[in-house]
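Below: one structure, written as C-alpha cells.
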Amino acid sequence: MNRQFPLLAANLLALLLPERCRVCRRPSAVALCPACHGMVTYCDDDSVGDDADTRSCRSLCLYDEPVAGLIHRLKYAADRTVLPALARIAAGRDLADCAAADMIIPVPLHISRLRRRGLNQSLLLARLFFPERRHRIHCDILIRHRPTPPQTELSGNARRHNLENAFSLTPAAREIFGQHLLLVDDVRTTGSTLAECRRVLLAGGAARVSCLTLARADSQLL
C-alpha cells in the first residue's frame, strides 16, 4: 500500500468537507462560528492586588458556555481539535502587556495526572496565547511535587489548604531572580492555585509575578 495514500486522502477530505465550528458543528469558515463566538462573555481587564508591581491577574472571559465546554474537552478528553476555537477566543483580547513578561510559566500538573490526561492544558494555552514567544515558555522552573485532589472537588477553604506545599522550584529556577514572570492557567476560581504558585516563585527571587487565565469562574479576587 502506498504510504502516501493516508496523507493524500486526508488532504482530499479537507478540500471536500467544509470546516465546522468546534462548538455547534455547523459548517463554518472559522473554528468558532460567529454565533458561538458571540456567546463568549469577555472580561474587562481585571488586574487586582495590593501592590501593582508584584500582584496582578487577568482573565480573558467568563467560565461559561461555550468556553467551559471547550476547556472541559481539552482537559478531560485530550481533544486538541478545540485549540483553534480557543485561539479565536484569545484573539479577542490584546495580550501585549502580558507578553512583556521575561518568562512565561504554565501552571504544572503532577506527573501522575499528566500521564493520565496526556497533556497539560496550561502549557497548550501558553503556546496558544504567545505563539511567537515560545522561547520564553518554561516548564522546567516550577513543579507540582505532591499529588492533590482536583480543586473542583473541594470547597473554597479546602482548596486553599489542599495546595499548601504542593509546588516547589527546580535547580533551573535560579534564572528567575529579578525577573517578571507570567503564570498561565486555564481557569481561575478562588485563585488558590495561582496564589500558591506565585508565593513559591516570589520566595525564589522573582521580582514580579503576574497571572493570565483563559477563563474566570467567579468574581472572587485573589
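Let me check I've understood the local charge: for C33, count other residues with C-beta under 11 angstrom from its C-beta, Lys and Arg +1, Asp and Glu -1. What total comes out? Summing Lys/Arg as +1 and Asp/Glu as -1 gives +4. Annotation: the residues R26, R199, R93, R144, sorted from fewest to most other C-beta atoms within 10 Å of their own C-beta, follow the order R26, R199, R93, R144. The H on the amide N of S59, modeled in the peptide plane, is under 5 Å from the matching H of D46, T213, each at least 5 residues off or on a different chain. Sorting E164, E132 by the number of Cβ atoms found within 10 Å of their own Cβ, with the fewest placed first, yields E132, E164. When the alpha carbon gyration tensor of the stretch 61-146 is reduced to an equivalent ellipsoid, its three semi-axes come out at 20, 20, 10 angstrom, largest first.
Each reported figure results from applying straightforward, stated rules to the coordinates on display, with no laboratory input. It should be emphasised that the depicted structure is a prediction, and the values quoted were computed from it without experimental measurement. Quick reminder, even Gly has a Cβ in these numbers, built from the backbone with ideal geometry, and neighbours come from all protein chains shown.
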